[in-house]
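A short worksheet on the structure shown next.
The values are calculated or read from the model by the stated rules, or taken from the named source; none is laboratory data. Just so it is clear, the structure is predicted and the values come from calculations on it, not from any experiment. Cβ coordinates were reconstructed from backbone atoms using ideal geometry, including for glycine residues, and neighbour counts include every protein chain displayed. Areas reflect the complete protein model, heavy atoms only, side chains present, ligands, DNA and RNA absent. Shrake-Rupley method; radii C 1.70, N 1.55, O 1.52, S 1.80 Å.
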Amino acid sequence: MTTTFYLVRHGQPDWQWAEERRFYGPASTYIPLTAEGVAQIEAAARDPRLREASLILASPYTRTMQSAQILSRRLDLPVTVEWDLHEWLYDLDMRGDLPQPGERYGMEDMSRCFMQYMESAELTGEDNCETHATIARRVLNCLRRYDGTQKAILVACHEGVIRSITGLKKVDMAQIVPFTLPRT
């Protein structure tokens, strides 16, 4: 049996909330959904394709856990958290250091790196960022553990995760992307 993974990008995150708290680096994992983000996932939960699923896998980030919780409640499905479904890592050592005077500024630098990353440019030098290939490897290894165990599985995750394994250039908030693992 081939499993169809319905990759569901989380709803709109509240970046203003994070900026007010100076949540950079690893702390950005705590960013919740906005009210609009909740509404986006509520709407996605009505997609009839998702009724095929028997399980939800979720990234451990707050915005994806919130998205998975909404999907779980609407579709009556259990949720399993999978660390390897997390978003692109801006800082591979996960220190999330705040800058010292004269050093690069956290949010501005993270935004610069993110824009390069979103344009598919691999980062080098001072940028200690995860690459598309690294993301794809960890995500595909995670999904392989579930392939063939269910007819369909929902995956509450991030744009970087979806782009890295599908090759899509853009993924909207709460967009659903059907995906099957490539056969080797």
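Residue check: is VAL38 touching a residue at least 40 places away in the same chain (Cβ under 8 Å) and either in contact with a strand residue (DSSP E or B) (Cβ under 8 Å, 6 or more places away or on another chain) or of a type in the set (Val, Ile, Thr) (or both)? So VAL38 fails the test. Please tell me if ILE153 is open to solvent by less than 10 Å² (accessible area, probe 1.4 Å) and either of a type in the set (Phe, Trp, Tyr) or within 14 Å of THR4 (Cβ to Cβ) (or both). Judged against the criteria, ILE153 is a match. You will find that of ARG137, ARG163, the residue that is among the basic types (Lys, Arg), open to solvent by 40 Å² or more (accessible area, probe 1.4 Å) and either at pLDDT 90 or above or part of a strand (DSSP E or B) (or both) is ARG137 and no other. On the given criteria, is MET173 at pLDDT 90 or above and in a loop (DSSP other than H, G, I, E, B)? Yes. For the stretch 15-68, filtered to residues that are at pLDDT 85 or above, open to solvent by 30 Å² or more (accessible area, probe 1.4 Å) and of a type in the set (D, E, K, R), the residue that is nearest to ALA152 (Cα to Cα) is GLU52.
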